[in-house]
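Note sheet for the following structure.
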Amino acid sequence: MTVVVLFLAALWAGTQNALAGGGAFITLPSLMLTGMDARAANMTSTIALFPAQVATAWTGRRLVSGAAELSLRALLAISLLGGGLGAGLLLLTSASFFARLVPWLVLFATCVFAWGSFLPHTHASPRLNRFSAGAIQFIISVYGGYFGGGIGFMMLAVLTAARVVMRTAAATKNVLVAVINASAVAIFVFSPQVRWQAAAIAGTGAILGGIAGAHVLQRVNERALRVIVVLIGIALTIGLFVRSA
């Protein structure tokens, strides 16, 4: 029964990651229910979701682009460097600081995304420039390698603030998440805390969900997708604040 629940949770997580992000908040508690501690579950979740992230990124590759005058190559390099640094920090430090920070980061990302999606803009509206977009992406990448939960959602906020079209932002986010986690996975695979059987079960479900989500992304109504993303962000924020209380 635990195997079935883990598979279905990962299926849901893969789909949600493709559309908006936050899938790690589904796989992490599911893995902890199998008896893992939070650290082992975090590493196992990152490895399990990685193949799905690659599959999702590949499926939606035609929509990928750069942002805020930063080329896609530059964004990939920033993400790779930040993800590796964050994963290294996880092996050296406590995750308590990031655990307290996560609800505020997701709340901020939700507000930024909602503002960019539904409020009218003027020509004087703030827009991320090359430096600010690169700096924020690096910070998100470090966080992503360290913990990972909600990075896709935060990147959607950054990309849409840089005036990237929603579908393109979501597809670009999927590629950048895969690159960030590639750095983390390259480090985590050597940890004895990873539970490979659970990772294989969750990984299979996440791949199927990720591919399905990437196809839905190319067909779903854009305004409806924005509403879904904001609702997911609100739910994540409430859940994270309750959990950290």
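What follows draws every value from the coordinates through simple rules; no lab data is involved. Predicted, not measured: the structure shown is a model, and the values here were computed from it. Here the Cβ is made from the backbone with ideal geometry for all residues, glycine too, and neighbour counts use every protein chain on show.
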I need the phi-derived Karplus couplings for the range 198-203: 6.51 cos²θ - 1.76 cosθ + 1.60, θ = phi - 60°, integer Hz, Gly and Pro marked x. 5, 4, 5, 5, 5, x
Among 198-209, 56-67, how do they line up by average Cβ neighbours within 10 Å per residue, starting with the highest? 198-209, 56-67
Just one of (i) 45, 45, 34; (ii) 53, 37, 36; (iii) 53, 40, 37 is Cα extents along the principal axes in Å as worked out from the coordinates here. Which one is it? (ii)
Taking the chain as a Gaussian network, Cα atoms linked when under 10 Å apart, which of Val54, Val142, Val227 shows the biggest mean-square fluctuation? Val227
Give the residue from Ala133, Val165, Val242 lying farthest towards the positive end of the charge dipole for the chain; charges sit on Cβ (+1 for Lys and Arg, -1 for Asp and Glu) and the dipole is referred to the Cα centre. Val165
Taking the chain as the reference, fit the longest principal axis to its C-alpha atoms, fit the long axis of helix 166-188 to the helix C-alpha atoms, and give the angle between the two in degrees, 0 to 90, nearest 10. 30
Using the crude model of +1 on Lys and Arg Cβ and -1 on Asp and Glu Cβ, and no other charge, please compute the dipole size for the chain relative to its Cα centre, in debye to 20. 420
Using +1 at the C-beta of Lys and Arg and -1 at the C-beta of Asp and Glu, which of Val177, Val3, Ser65 has the Cα lying farthest in the positive direction of the dipole of the chain? Ser65
Distance between modelled label sites at Arg100 and Ser132, nm, 7 Å Cα→Cβ extension: 2.8
Round to a whole angstrom and tell me the spacing of the C-alpha centers of the range 35-59 and the range 133-207. 9
If one compares the long axis through the Cα atoms of helix 2-19 with the longest principal axis of the Cα atoms of the chain, the angle in degrees, nearest 10, works out at 20
Low-density loop cleavage sites - trypsin sites (Lys or Arg not before Pro) in the range 135-176, where at most 10 other Cβ are within 10 Å (DSSP): none
Furthest towards positive pole of dipole, Val54, Phe147, Ala41, structure part the range 2-244, Cβ charges: Val54
GNM top mover of Ala184, Ala68, Ala48 - the chain, alpha-carbon springs below 10 Å: Ala68
Between Val189 and Ile238, what length in nm is gained on full extension when 0.36 nm per residue of separation is reduced by their alpha carbon distance? 14.4 nm
